[in-house]
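A short worksheet on the structure shown next.
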Amino acid sequence: HVAFVVGLFLVVGARRRLLFTTITSFTIAHSLTLALAALHVVDLPRAPVEATIAASVLLVAKEATSSEPTLARTRPWLVAFLFGLVHGLGFAGALGELSLPTKSFGIALVSFNVGVEIAQCVIVAALVAASVLATRANVPAERRAQAARASCYVIGTLGAFWLFDRAYLVLNR
C-alpha cells in the first residue's frame, strides 16, 4: 500500500489538485471494498488479490518512469480508483487476521480504515513537503529527477519481487 501511494505521488508529482483527486479516488475505492469484504459481501481468494496488488505497485513504478500519455498519466485518479478496489480487498485480508469484536464490529472497521487513511495522509504530506523543500533549497531539477527515478526502480523492484512471490502462491494452490 505504501509503495503504491509513493508510486502515485511519483506519477502525479506535487500538483496538489491532481494529487488530492488521485489519492481521494484511491481512498474511496479501497474503503468501499474493505467494507464489502469485511461484511462478507465480496469474498475473493487472498493469493490472486495480493498478486494483483503487487502488479499494481510494479505498474505504478513503471508509469512513473515514463512520459508517454498512458492512462496512468492522463487519468491517474481512474487508475488509482481501479487499483484501490483491489487494495481494499487486501486490507480486508489483513483485517480478517485480526480478531475484531463482533459487538463493535462497525466501530472497529471504521477505526481500522481511519488508521490507514491517517498513515496515508502522513506519507503524502511528507512527500509533498520533501518536494517543496527540494525546490526551495534549489536542488537542481536533474538531481530531483534522478532521485525520483531511483525511487521508481526501488518500488518497481519491490513490486516485481512481490508479484513473483504472490504468483507462486497462486500457481501452487
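We did not get these values from a lab; they are worked out from the coordinates using the rules stated. Every value quoted in this text rests on a predicted model; they were computed, and no experiment measured them. Positions of Cβ are backbone-derived with ideal geometry, glycine not excepted, and every protein chain shown enters the neighbour counts.
Computed quantities for the displayed model
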item: Selection from VAL42, VAL110, SER25 lying farthest towards where the dipole of the chain points positive, charges on Cβ; result: SER25
item: Fraction of the pair-distance distribution of the stretch 85-133 above 18 Å, Cα-Cα pairs, percent; result: 44
item: Degrees between helix 16-38 axis and first principal axis of the chain (Cα, 0 to 90, nearest 10); result: 10
item: The chain: angle of helix 105-136 to the longest principal axis, Cα-based, in degrees nearest 10; result: 10
item: For the chain, built as a Gaussian network whose Cα springs stay under 10 Å, the top-fluctuating residue of ILE53, ILE23, ILE107; result: ILE107
item: Listed residues THR65, THR21, THR135, most fluctuating in the chain (Gaussian network, C-alpha, under 10 Å); result: THR135
item: Top positive-direction residue, dipole computed over the chain with Cβ charges, set ILE155, VAL2, VAL132; result: VAL132
item: Loop trypsin sites (Lys or Arg not before Pro), the stretch 31-132 (other Cβ atoms within 10 Å of the site Cβ: 10 or fewer; DSSP); result: LYS103
item: Isotropically averaged projected area of the stretch 5-122, using the convex hull of Cα atoms (one quarter of hull area), nm²; result: 7.3
item: Charge dipole magnitude, Cβ of K and R +1, D and E -1 - the chain, Cα centre, debye nearest 20; result: 480
